[in-house]
Structures are given as structure tokens and as C-alpha cells.
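Working notes, beginning with the structure itself.
The values are calculated or read from the model by the stated rules, or taken from the named source; none is laboratory data. These numbers come from a predicted model, not from an experiment. Virtual Cβ from ideal backbone geometry, glycine too; neighbours counted across all protein chains shown. Note: accessible area is taken over every heavy atom of the protein model, side chains too, but ligands, DNA and RNA are not part of it. Shrake-Rupley method; radii C 1.70, N 1.55, O 1.52, S 1.80 Å.
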Amino acid sequence: MAQAASPVEPPASPCRFCGAPLDVTFVNLGTSPLCQHHVRPHDFNRAEAFYPLHARVCRECFLVQLDEFVTSEQIFQNDYAYFSSYSASWLRHARRYTDMAAERFSLTKDSLVVEVASNDGYLLQYFVEKGVPVLGVEPAHNVAEVARAKGINTLGKFFGRETAAYVAATAGQADLLLGNNVLAHVPDINDFVAGMQLLLKPDGVITMEFPHLLRLMEGNQFDTIYHEHFSYLSFYTVERIFAHHGLTLFDVEELPTHGGSLRIYARHATSAAWPVTAHVAELREQELALGITELAYYADFEEKAKETKRKLLEFLIDAKRAGKTVVGYGAPGKGNTLLNYCGIRTDFLDYTVDVSPHKQGNFLPGSRIPICHPDRIFSTRPDYVLLLPWNLREEIMEQMSGIREWGGQFVVPIPEVQVYE
């Protein structure tokens, strides 16, 4: 069985959906700084704030979640470092989605598409190409400015009931309301889903994509747990949350993105426009059969994370003792959880690289590993390249295939260490 929290810990917080006390541990990853707050050179000698990275599971609704130690405003500040457009595979995913949605939902110049957490316009740009009116809602002002520079109408606000009411009054309700990798990022999930219900036209459609808790657990993806991700979602729990706010999930797809995600399709419970497909019952039954509503299902995850930590450290220790050089590729949020949980600093990883110029020249939070341009790998010719965004393994290994010229090898840390010749 999953273990109840120790009596020496602070009193249990309430579940952010149903309010039940959170007293069952899912995984405790120690403490970590905010994963996208990269350290600038002039701040290198200043202290960073570290916060508990202790995920718990609600014994009532089975929502896996972190406490809210910092506000959304602190996380998504004006120098937010994540820009979606730097991943070619993610752009291809966004284009495929817009092609599908425009056809399936018959979107035209008279429709309105609203994306919540629209980032730098990576997706809405493709609807603009089709002549479909769009509105992005993006709270990180530096990222929103990039979208506006592309000609994408973007509102710089956090989303919830208040913003939904404002958009509905000024721009109208949405024919298509979408959000990719945002549902897990909101501390007040009830306010967020209620806002979507308010902004959606009577026969409109919501689509949301988020990492699937089942895939996280099956793939030992503990590194995807970080402070920006307040919730870790199963289909069972998401269906309960949406139903609570008058929304029916009428379809669902399993996607390979981010290590395994779900794309849900929702409508008003009062709408008859979109019949519920067989996929909904199939996935619901699959989760129930696996034990998603039993605490025992969650009990072994922490030990798997500990074992992966041991194996990664064993690999790095052996490599260093053999005189090998190891560097990283990428500066993603998941990478910072991995490095800080495992205690990996420049004693194991000389540096990491990233294609985003917004990250280059800074240092990873906590570990203080320098972030360089990818060209540095070809000038230093390391023996091993540790892929921190392992979910983009194929894309990165193709881009960096030149390391094989000197016998360099790729290392993937999740679900456990694997070296690619």
C-alpha cells in the first residue's frame, strides 16, 4: 500500500479538486528550485530558493499533485525561458492538429479559436494561415510579445473564470477552445475548468493535451514532476473534474508526445452536437482494470525512482573513473528535476547545450551547470551526451548524429540508463 505521510510532516493540504486531505505519498523527490528560472551570470553567486518536490495522491479522487509553494505569477514571470517554437517535432505536431481540427470542426473565417497558454504562437500561426480568427491567452509577457510579433492576437493574462468572462464579453465565445500542456500547470484547476465552460459556445469543442499519468508511471518518468506541474492526470480523474463543471468528454486520443499524453475532447453536457465515442469507455475501463482507483496502484513508484537514480549515478561514476567526458543535451524542466534529485553537478556533467538562445549563456537552476550552444559539443568532442529531454530522443539523435565521428554515444536516463551506440 502507498504510505501515509509521516507524523513529523506538516498537516496535510487539501486536494486541489475535491478538498480531501492529502496524506498519501506518491513520490518524494526532495527539494528543487523552479525549473525554468535559469541562473544568469550576474546572479551566479546568489542563493536560490528550493521548494519541496513531494507529490501526493488524493485518496478520494486520485488526483496526483504537488502543493502550491509558489504562485503562478512567480513561475511564469516576465523572463520565462520556455518557447515552444524551438522544437521542430512539436511544430509538426501543432500543424497536424490544426489540419485535423479545421476539418473535423468545420472551422471558417466566421469561427473563433482560443488557445490557453498559447506560448509564442507556435500553434495558432497555422490557424492564421487558414484564415481562421484566433486569440491566444498567455501570461508570460516576454513569450506573448513574441507571438504578437508574428501577428497573433494575444492576451497577457492568466486563465480562469475572470479572464473567460472578459474574453467572452470582448471577443465572443469560442468555437474551439484548446490548451496543450496547461491543464497540469494550473494551481486552481476548478477555476480553470469553470472558465473554459464559461468561454465555450453552446455547441463548441474543447481539446486539451496533457501527459497521461499512466504513461508517467509505466515509463518511470519521475523527472516530469516539477513545480510548474501542479497536477498529474489520469483520464478517470479528468473526466470527474470536467463533469463537475458541466462538461462531457466525448472523445479521447492517446498520443506519443511528452512520453505519452492524452488529447481529450469536451463539450457542454447539455450539447447534443458531439456523440460520445467508444474510445471514452475503453480508456476508462482500461484505467480501472489497472487499479487507478486503488491506492496500492501508486505504492511502488517511489522505489522505482530511487533505483533509477542509483543506476544513473553508477553509470556516471564509472564513466568519470574511466576518464570519460560527459555533457548534457537540453535544458528542459524535466532535466532539472533529474539533475537535482540525483545530485548531479559539474563534477559529473561538464555542461549542457540548448538550441534556444534564451537559455544559452545561463546556468541550470540548482546544479549551476552552464548552458551552451550545441556547437560546443563538436568542439569538445565528449564521449557521452546525456539526453535530458529524452522524449525528443529521435529528433536530437538525428540532429546530433555527427558525434559518432569520434565515437561519441548518446545516453538516455529514463526509464533507466541506456547507452546508444
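Side notes on the structure shown:
- Nonlocal amide H pairs with Leu247, under 5 Å, H built at 1.01 Å: Ala269
- A cut-off of 5 Å between modelled amide H atoms, ignoring neighbours fewer than 5 places along the same chain, links Val205 with Leu176, Leu177.
- 3J(HN,Hα) couplings calculated from phi for segment 230-235 with the Karplus curve 6.51 cos²θ - 1.76 cosθ + 1.60 (θ = phi - 60°) are, in sequence order, 6, 10, 10, 10, 8, 5 Hz; Gly and Pro show x.
- Total formal charge among the other residues, if their Cβ is under 14 angstrom from that of Thr277, Lys/Arg +1 and Asp/Glu -1: -2
- Computed from the C-beta positions of Glu103 and Glu416 and an R0 of 45 Å, the FRET efficiency is 0.65 to the nearest 0.05.
- Relative to the longest principal axis of the Cα atoms of the chain, helix 278-290 runs at roughly 50 degrees.
- Prolate/oblate/rounded label for segment 363-421 (Cα gyration tensor, a/c 1.5): oblate
- Estimated dipole of segment 144-222 in Debye, rounded to 20 [Cβ of Lys and Arg +1, of Asp and Glu -1, Cα centre]: 200 debye
- Those residues of segment 395-409 whose amide nitrogen sits under 20 Å from the label point placed on Lys324, 7 Å along Cα→Cβ: 396-398, 400-409
- Residue-wise HN-Hα coupling along segment 304-321, computed from phi with Karplus coefficients 6.51, -1.76, 1.60 (Hz; x: Gly, Pro): 5, 4, 4, 5, 5, 4, 4, 5, 5, 5, 4, 4, 5, 5, 4, 5, 5, 5
- Inverting the pair-averaged 1/r between distinct Cα atoms of segment 314-421 gives 13.6 Å as its Kirkwood hydrodynamic radius.
- Neighbour net charge for Asp110 - beta-carbon separation under 13 angstrom, K R +1, D E -1: +2
- The chain, accessible surface, carbon-and-sulfur percent (1.4 angstrom probe): 51 percent
- Between the Cα long axis of helix 161-170 and the first principal axis of the chain there is an angle of about 60°, rounded to the nearest 10.
- Share, in percent, of DSSP beta bridges within segment 284-421 that are antiparallel, nearest 5: 25 percent
- Here the Kirkwood formula puts the hydrodynamic radius of segment 337-391 at 11.7 Å, using every distinct Cα pair.
- Lysine pair count for the chain (Cα-Cα distance under 20 Å; residues 8 or more apart in sequence or on different chains): 13.
- Inter-part distance where segment 143-215 and segment 242-270 are each reduced to a Cα centre, Å: 14 Å
- Summing charges over all other residues whose Cβ lies under 11 Å from the Cβ of Cys18, with Lys and Arg as +1 and Asp and Glu as -1, gives +2.
- Candidates Val114, Val64, Val182, ranked by Gaussian network fluctuation over the chain, Cα under 10 Å, top entry: Val182
- Take the convex hull of the alpha carbons in segment 163-319; its mean projected area over all directions comes to 10.8 nm².
- Evaluated at q = 0.15, 0.21, 0.22 Å⁻¹: base-10 log I(q)/I(0), Debye formula over Cα of segment 297-365: -0.57, -0.94, -1.00
- In this calculation the C-beta distance from Ala273 to Lys157 is compared with R0 = 25 Å, giving a FRET efficiency of 0.30.
- Unit charges at the beta carbon, dipole of the chain: most positive-side option, Met400, Gly260, Tyr126: Met400
- Note on segment 158-235: Kirkwood radius taken over Cα pairs, Stokes-Einstein applied at 37 °C and 0.692 mPa s, translational D equal to 242 µm² s⁻¹.
- Amide hydrogen proximity for Leu155: with H placed 1.01 Å from N in the peptide plane, the residues at 5 or more positions away or on another chain lying under 5 Å are Gly136, Val137, Glu138.
- Radius of gyration and maximum dimension Dmax of the chain, Cα, Å: 21.5, 66
- D by Stokes-Einstein for segment 108-223, Kirkwood Rh over Cα pairs, 10 °C, 1.306 mPa s: 109 µm²/s.
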